[in-house]
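Take a look at the structure below.
The values are calculated or read from the model by the stated rules, or taken from the named source; none is laboratory data. What you see is a predicted model; the values in this text were computed from it and never measured. Cβ: placed from backbone, ideal geometry, glycine included. Neighbour counts: every protein chain shown. These accessible areas exclude ligands, DNA and RNA; they are computed on the full protein's heavy atoms, side chains included. Shrake-Rupley method; radii C 1.70, N 1.55, O 1.52, S 1.80 Å.
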Amino acid sequence: MRSDKSKLGFFLLLAPLLIWLTTLIVLPHVGMFFVSLQEKVGIRQYETSFANYAVFFNEPLYWNTFARTAYMSITATFLTLIIGFPIAYYIAKLTRGRAKTTLFLMCLIPFWVSELVRTFGWMILLRETGVLSSFLQYIGAVSGPVEFLYNDAAIMTGLVYTSMLFMVVPLVTTLDSLDDSLIEAGYDLGGSSLSILREIVIPHAMPGIVSGCIVVFMLSLGNYLTPILLGGKDSLWFTGLIYNQFITRFNWELGSAFGFLLLGLSSLIVFLALKISGQSLGKTMGR
Amino acid sequence: MITTIPQSAPFRWSYRAYVTLFFIYLALPLVTVCVFAFNDSVFPSLPWDGFTWDWFFGTEAPRIGVFHERPILRSIVISGVVAIWVSGLSVIVGTCNAFLFVRHDFRGKNLLYILMLLPLIIPGIILGISILVFSSTIANTLEEATGLWFDGLRPGLILVVLGQFSFITTFATLVISARLQKFDSSLEEAALNLGATKWGAIRQVTLPFLLPAMLAAAVVAVLMSFENFNTTLMLVGSDAPLTVTMFDRLKLGSTPVLNAVSLLLIVVSAVLGLLSLLLKR
């Protein structure tokens, strides 16, 4: 009787998880894959083929955008790591008590705010009539208005800004768990700052580095707002192409193929990152 | 490089300067947005034309303030309704998931756990289009079979709620699981020894212990739902939530009304965010 009851309880707990995962995650992605394999041969007539994928590989604009999105996302991930690591180290190791909490909170607050608002802020700062351009004219560094918006540097600034938190928080968490005495021991044994960083701090922070990099990379790759708003109309980002196929052209078959390619790329890079660093998804993401 | 290790003064100072610069970089866009909400000009850009409250309380075109701007007020209400649904659903499912993963061992647990984490690494726009394609396929099939219309499966608020729910549940699960793991199960056993039923013990002992985490998860879900853009954009119908409405306005050219809305969003998000942190403690 008792075991029957707990079995029932178990299945009652299992049901929401299974319903959620099947109807909103697994089946939609399987469905999307099947749609991507459909080639339109007439009005409401479809054949199964890889034609949509062929379109992607035969049109340089498409795969160039794909490669560019990947390349820019990887660069953004690197920059975020390089910029964020010293900050995380400072918060985790060089501050104590209240100062630590305050700095940590100051890192968090911008990211509770909508991404749209953050991007909007950068637009006001960087546009031709914006704050930066006016400031430079005011101090006499430039003679006329300068447009800082609508180029790759603007996109990069926005991407790094948008994802900074997701790098700093896991780094602070892992660096916090590193015992100070290990670093002291390193110095006692005659290590230089650089060798201690390389042989003690970074290996210890690896889980945080990997999970930060994965999240930042995913966020950049899947970002739509930042490239569209800061990069302007000509800026090509793969999510923009997907949006166009779905909403503007109503070509869901090609759009699904694009979606699947993006998913494939992101999964591949996450897989490689986990393999190279010897981490697992459950360990790094399920904190 | 830790506090006990002496460092040269130039190094210390340049490190501090770097940290200061970093925090200026973090604050700059938000401060700018807030400041320009009070600029007495029809564009959110320099020159500074003086201070005004018009972008909040103005009633005459072109200076209609947020509080008199119907489309924006409406989209705030829509965002609120969506957020409440998403938050409620994901906390319920998240709590069930937490109990399942923390308390039970079963075959396929690891696989399910990985599947549960997947929404974290699927780009939002792809979650959106896959749900869009899937629900439309079902709607088409059903409509062909029955001749009825299934509006709920077409882009609109129900799909927006489902789309946001699909990935916010993962966050709720993680927040609630973390707290459940800290629970001392001898408390529950004590309740059982004192004659409580299994469900009674969970309701009287475990759930009150979990409540702060559930509330924190609910607040985080509201925040994430309010600010979500990518998934929502693909599933939105005629009733647009706030982020989509603001995006459409931005594409047309911005006025300081958007700054005023943003300022309100910043204040509300900061308050909600701090609340979720307090609850998680």
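Of the conditions (1) modelled with pLDDT under 85; (2) surrounded by fewer than 21 Cβ atoms within 10 Å (Cβ to Cβ), A:L268 satisfies every one except a single condition; which number is it?
With respect to (1) modelled with pLDDT under 85; (2) surrounded by fewer than 21 Cβ atoms within 10 Å (Cβ to Cβ), A:L268 is out only on (1).
Collect the residues in region A:26-50 that are within 14 Å of chain B (Cβ to nearest Cβ) and among the β-branched types (V, I, T), keeping them in residue-number order.
Within region A:26-50, A:V26, A:V30, A:V35 qualify.
Are any residues in region A:219-253 over 26 Å from A:V117 (Cα atoms) and open to solvent by less than 10 Å² (accessible area, probe 1.4 Å), and if so, which ones?
A:Q245 - this is the single residue of region A:219-253 that is over 26 Å from A:V117 (Cα atoms) and open to solvent by less than 10 Å² (accessible area, probe 1.4 Å).
Among residues belonging to region B:195-225 that are at pLDDT below 85 and more than 14 Å from chain A (Cβ to nearest Cβ), point out the one that is farthest from B:F165 (Cα to Cα). Can you show your working first?
Of the residues in region B:195-225, the ones at pLDDT below 85 are B:195-206.
Next, from what is left, pick out any that are more than 14 Å from chain A (Cβ to nearest Cβ): B:195-196, B:204-205.
On the way: B:G195: 38, B:A196: 34, B:Q204: 28, B:V205: 28 Å.
For region B:195-225, the residue satisfying everything is B:G195.
Residue check, A:Y53 against (1) away from chain B (no Cβ under 13 Å); (2) in a helix (DSSP H, G or I); (3) open to solvent by 50 Å² or more (accessible area, probe 1.4 Å); (4) under 18 Å from A:A257 (Cβ atoms), all met but one. Which one?
(3)
So, of the residues in region B:152-189 that are at pLDDT below 85 and among the aliphatic types (A, V, I, L, M), which turns out to be least open to solvent (accessible area, probe 1.4 Å)?
Among residues in region B:152-189 that are at pLDDT below 85 and among the aliphatic types (A, V, I, L, M), the one least open to solvent (accessible area, probe 1.4 Å) is B:L153.
Please specify each residue of region A:65-82 satisfying the condition of being within 14 Å of A:T157 (Cα to Cα) and of a type outside the set (F, W, Y).
The answer is A:M72, A:S73, A:I74, A:T75, A:A76, A:T77, A:L79, A:T80, A:L81, A:I82.
Any chance you could count how many residues in region A:139-172 are over 19 Å from the mean Cα position of the chain (by Cα) and not charged (D, E, K, R)?
Summing the residues that are over 19 Å from the mean Cα position of the chain (by Cα) and not charged (D, E, K, R) in region A:139-172 gives 12.
Are any residues in region B:204-227 out of contact with any Leu (no Cβ under 9 Å at 6 or more places or on another chain) and more than 27 Å from B:A83 (Cβ to Cβ), and if so, which ones?
B:Q204
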